[in-house]
1. Would it be correct to say that ILE144 is under 30 Å from SER50 (Cβ atoms), at pLDDT 95 or above and not hydroxyl-bearing (Ser, Thr, Tyr)?
2. If a residue must be charged (D, E, K, R) and at pLDDT 95 or above, how many such residues does region 120-141 contain?
3. If a residue has to be out of contact with any Asp or Glu (no Cβ under 8 Å at 6 or more places or on another chain) and either open to solvent by 80 Å² or more (accessible area, probe 1.4 Å) or among the β-branched types (Val, Ile, Thr) (or both) to count, how many in region 17-34 make the cut?
4. So which residues in region 35-66 are of a type in the set (S, T, N, Q) and open to solvent by 70 Å² or more (accessible area, probe 1.4 Å)?
5. Do we find that ALA87 is small (Gly, Ala, Ser), at pLDDT 95 or above and farther than 14 Å from ILE28 by Cα in this structure?
6. Being assigned to a loop (DSSP other than H, G, I, E, B) and of a type in the set (Asp, Glu) is the filter here, so list the residues in region 18-42 that pass it.
7. Run down LYS124, LYS98 and say which single residue is within 24 Å of VAL69 (Cβ to Cβ), out of contact with any Pro (no Cβ under 9 Å at 6 or more places or on another chain) and open to solvent by 60 Å² or more (accessible area, probe 1.4 Å).
Amino acid sequence: MSIRGPATIDFETTDKDAKIAHAVEFAIYTDDATFVEFIKPPIPIPAETSAIHHITDDDVQYSRSWEQVKPDIRNIVDAMDCKILVAHNAEYEQNILKEGFEDIMWVCTYKCALVIWPDAPAHKNEVLRYWLGLPDLGRKSAQIAHSALHDCKVTHQILHRMLELHSIEELILWSSQPKKFPKIPFGKHAGMKWEAIPGDYLGWICKQVDMDKDIIYCARGELDRRRMANATQGPR
């Protein structure tokens, strides 16, 4: 399988929900090239999101619109002959880009980290950066967390560490699957590994129509694992 790339991509936006968010900054980063641009959204940037990425309406007042920028993102990807884009929680970037990138393969370093490092204290890119001891840590280094380029660089470092352990094909496969949370993230059993959760509670999770689909996937996977183990042991 011959694959070109990959390149990391990141957006800063007006909202945590990608379905209603408008991009205000994007970056694409590889070992050889960097592209960064502010984007003027069609709405004022909310104070609560400015508090995260520190981008204000004044910063973007003379920037191009999303309709003008998006074709250039595609042109950049094509010019780099890039077939793989990488992001931490890539579903967010995919929802921002929407149509026009269907031929691109994706690596989600968040999903992959859940598989590769289940015992990490958390799986956000900045936590992984410090937990893995990646370069340029601490206040002695310039830190601009939640700028698109900074986040791209951190994700790129995490990607390289992953590629020391696994193939790009494995990362693409895990990225196409639901999130494999190593521990249940909510409720009275929060922080416990799935194998320690009572079966009736796992069954309850699977019946909840408004439950996160990835949580249901993990619960069903654990129930299936137990059924297979019981079938292998046979009657007693």
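1. No, not satisfied.
2. Filtering region 120-141 down to residues charged (D, E, K, R) leaves 124, 126, 129, 136, 139-140.
Subsequent filtering for residues that are at pLDDT 95 or above retains 124, 126, 129.
Result for region 120-141: 3.
3. Result for region 17-34: 7.
4. First, pick out the residues of region 35-66 that are of a type in the set (S, T, N, Q): 49-50, 56, 61, 63, 65.
Hit for region 35-66 is GLN61, nothing else.
5. Working: small (Gly, Ala, Ser): yes; at pLDDT 95 or above: yes; farther than 14 Å from ILE28 by Cα: no.
Spelling it out, it is not the case that ALA87 is small (Gly, Ala, Ser), at pLDDT 95 or above and farther than 14 Å from ILE28 by Cα.
6. Across region 18-42, the qualifying residues are ASP31, ASP32.
7. Working: LYS124 fails: within 24 Å of VAL69 (Cβ to Cβ).
LYS98 is the lone residue from the list that is within 24 Å of VAL69 (Cβ to Cβ), out of contact with any Pro (no Cβ under 9 Å at 6 or more places or on another chain) and open to solvent by 60 Å² or more (accessible area, probe 1.4 Å).
The values are calculated or read from the model by the stated rules, or taken from the named source; none is laboratory data. None of the values given here were measured: they were computed from a predicted structure. In this analysis, Cβ positions are derived from the backbone assuming ideal geometry, glycine residues included, and neighbour counts consider all displayed protein chains. The area values use the complete protein model at the heavy-atom level, side chains included, leaving out ligands, DNA and RNA. Shrake-Rupley method; radii C 1.70, N 1.55, O 1.52, S 1.80 Å.
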